[in-house]
Amino acid sequence: MKKIKIYFVAALACLMSSCLDTELYTNIAVDDFFKTESDAQAYLNGVYGGFRDRSARCYIPAGEYAYQMLNEVAGANLIFGPGAQKGDQILMQNAEWGVDFYVTSSLWMDLYMGISRTNIGIDNLSKQEMTPLIEQFIAETRVIRAWFYADLVYLYGDVPFITTSKFDLMSKPERTSQDEVIKFCIDEIKNHADKLPDSYPAKDYGRLTKWGAKAKLCKIYLEAKMWKECADLADEIITKSPHKMITDYKKLWGVENEKNSEFLFVIPSLPPRYQHSAYAAHFQPADYLNDDGTVIGWDYYRATWDFYNSFDPADKRRADLLTSYKSSKKDESGKNIIVTIGHGVGEGPIPNKFPMDPAHIDWTEGTDVVLLRLPDIILARAEALNELNGPNQTSIDLINKIRERAFGNEDHNLKLTDYSSKETLRTAVLQERSWELFLEGYNRRDLIRQGVYVETMKKKGSKNVSNSQLLLPIPQSELNMNSNLTQNPY
């Protein structure tokens, strides 16, 4: 039992006080636990739990508290559906939150809970006899900590920066600059990515490989606008890793296509509860009739009509947005009604990018949550090369690699002669990312990085968005406990 208990207790300690308090409360002494490689493996499993805890939600799409869903619904292309059109949700979809934003405490807690686990793991694994496997476990844990810290500063800016499990909460840490934290994250991944394997056996599916770690570093470079580093690392991933784009877009998603060569890092999912995903339930209307006769939808999210209309009708990716569906309701003749989506409040095309898992149990599914895949890195290189050199053929070719699959031919390829400035190609890259990476958790960050977030949200319908919404507010509960913390400007 101790191998299972210890990493859940670590999270419990985080919840019992502040998520910066990493003292481990347990009747199992830490020194009695970290003795063997199997102990280390057990704790590492708990570290990976930081990506998917049901209590914390974190990276699993489970309402707006998930990192991905914030970056989508508070972006350009997603709104809350008729099942979630309420006051707080409307403020969120329009990016009009203030200091009492109801999501902010959850995301802060989730990420610091994950950081707490990594700090405990690194400190204690480092005390064990060094074997190649222990060294790899430490490298994995360091990369995961860097991942969590990078995402934390994307959300909040400057944050308290804790890298030890021997932390005194009463010390009331001040905020460390975002630049310093990001430099730490870059150094950590650079120093430890090559200690990870290129791949794992099937039983370890879902762990970070060398290429998953480098892909995260590439994304950190992208956000930091370190264009050369981003372009060079993206090229290494594209040309040297075993990851390749699959040829048929229709076969990219769904449980039958898991573990394909395009995915760089995923969160494995299985029904029933606690290890599941729940895409269909969040996107389907309450009367949406599945092929197996089930009705599970909460109608929580819809795409915007503007997003749907931005697609070329020949683009296969538009088919992932449904404009009609079979209802469980029946007409006078007993036939199921076909509902055509309207344009009312909260209405819009139904996202169907992630098909229903045929083996679903009620609303729980086994559809894996993809956090990094190769087209993201391909478009990152295209963007970085444009920022370095202006319009160039390599960037065009990279974008066209994505478009050729989306259309099934070269008829819709971009031409270099159509882009006369860095700004025009930048817009094209941003639009392609929007189409290709919809619902994968990047839209808000992409808009902020390119300096168009506020104007884009105003076009979406926001009346009160400003630069204040580029960061989330620091949770009031943390400010109450720590007089050295300061609030983001609002």
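Remarks
- Residue 436 touching a residue at least 60 places away in the same chain (Cβ under 8 Å), surrounded by 17 or more Cβ atoms within 10 Å (Cβ to Cβ) and out of contact with any helix residue (DSSP H, G or I) (no Cβ under 6 Å at 6 or more places or on another chain): no
- Screening the candidates 248, 198, 235 for the property of being farther than 20 Å from residue 370 by Cα and either more than 21 Å from the chain's Cα centre (by Cα) or surrounded by 19 or more Cβ atoms within 10 Å (Cβ to Cβ) (or both) yields one hit, 235.
- Of note, residue 353 does not satisfy the criterion of being farther than 29 Å from residue 247 by Cα and basic (Lys, Arg).
- Of the set (1) buried (at least 19 other Cβ atoms within 10 Å of the Cβ); (2) of a type outside the set (S, T, N, Q); (3) free of Cβ contacts under 8 Å to residues at least 40 places away in the same chain; (4) over 22 Å from residue 248 (Cβ atoms), all apply to residue 343 but (1).
- For segment 121-232, the helices (runs of 4 or more DSSP H) that sit wholly inside it and include 2 or more residues that are over 30 Å from residue 385 (Cβ atoms) are 132-156.
- Some residue of segment 114-124 being among the β-branched types (Val, Ile, Thr), in contact with a Phe, Trp or Tyr (Cβ under 8 Å, 6 or more places away or on another chain) and surrounded by fewer than 21 Cβ atoms within 10 Å (Cβ to Cβ): no
- Test: residue in segment 106-115 that is under 16 Å from the mean Cα position of the chain (by Cα), of a type in the set (Val, Ile, Thr) and not in a loop (DSSP other than H, G, I, E, B): no
- Whether a residue is farther than 30 Å from residue 269 by Cβ and over 23 Å from the mean Cα position of the chain (by Cα) was assessed, and residue 324 does not pass this test.
- Which numbered condition residue 370 misses (of (1) assigned to a helix (DSSP H, G or I); (2) under 23 Å from residue 316 (Cα atoms); (3) within 20 Å of the chain's Cα centre (by Cα)): (1)
- Of all residues in segment 203-241, exactly one satisfies the criterion of being in contact with a Ser or Thr (Cβ under 7 Å, 6 or more places away or on another chain) and not hydroxyl-bearing (Ser, Thr, Tyr), namely 211.
- Residues satisfying the stated conditions in segment 469-489, i.e. within 26 Å of residue 220 (Cα to Cα) and in contact (Cβ under 8 Å) with a residue 40 or more places away in the chain: 469, 471, 472, 473, 474, 475, 485, 486, 487, 488
Residue-by-condition table, conditions (1) free of Cβ contacts under 8 Å to residues at least 12 places away in the same chain; (2) touching a Leu at 6+ places or on another chain (Cβ under 9 Å); (3) not aliphatic (A, V, I, L, M):
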| site | (1), (2), (3) |
| --- | --- |
| 361 | no, no, no |
| 368 | no, no, yes |
| 392 | no, yes, yes |
| 399 | no, yes, no |
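- Flag if residue 443 is farther than 12 Å from residue 383 by Cβ and either in contact with a Pro (Cβ under 8 Å, 6 or more places away or on another chain) or without any contact (Cβ under 8 Å) to a residue 24 or more places away in the chain (or both): no
Yes or no, residue by residue, for (1) crowded, with 18+ Cβ neighbours inside 10 Å; (2) among the aliphatic types (A, V, I, L, M); (3) modelled with pLDDT of 50 or more:
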| residue | (1), (2), (3) |
| --- | --- |
| 12 | no, yes, no |
| 30 | no, yes, yes |
| 47 | yes, yes, yes |
| 50 | yes, no, yes |
| 57 | yes, no, yes |
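- When each of 352, 392 is tested for being surrounded by fewer than 22 Cβ atoms within 10 Å (Cβ to Cβ), over 30 Å from residue 156 (Cβ atoms), in contact with a strand residue (DSSP E or B) (Cβ under 8 Å, 6 or more places away or on another chain) and not basic (Lys, Arg), the lone residue that passes is 352.
- If the condition is being aromatic (Phe, Trp, Tyr), surrounded by fewer than 22 Cβ atoms within 10 Å (Cβ to Cβ) and either over 30 Å from residue 239 (Cβ atoms) or touching a Phe, Trp or Tyr at 6+ places or on another chain (Cβ under 7 Å) (or both), then segment 259-280 contributes only 274.
- Scanning segment 414-427 finds one or more residues that are under 26 Å from the mean Cα position of the chain (by Cα), within 23 Å of residue 234 (Cβ to Cβ), outside the structural domain of residue 316 (by TED's automatic domain parsing) and crowded, with 17+ Cβ neighbours inside 10 Å.
The values are calculated or read from the model by the stated rules, or taken from the named source; none is laboratory data. These numbers were taken from a predicted model, which means no experiment stands behind them. Cβ: placed from backbone, ideal geometry, glycine included. Neighbour counts: every protein chain shown.
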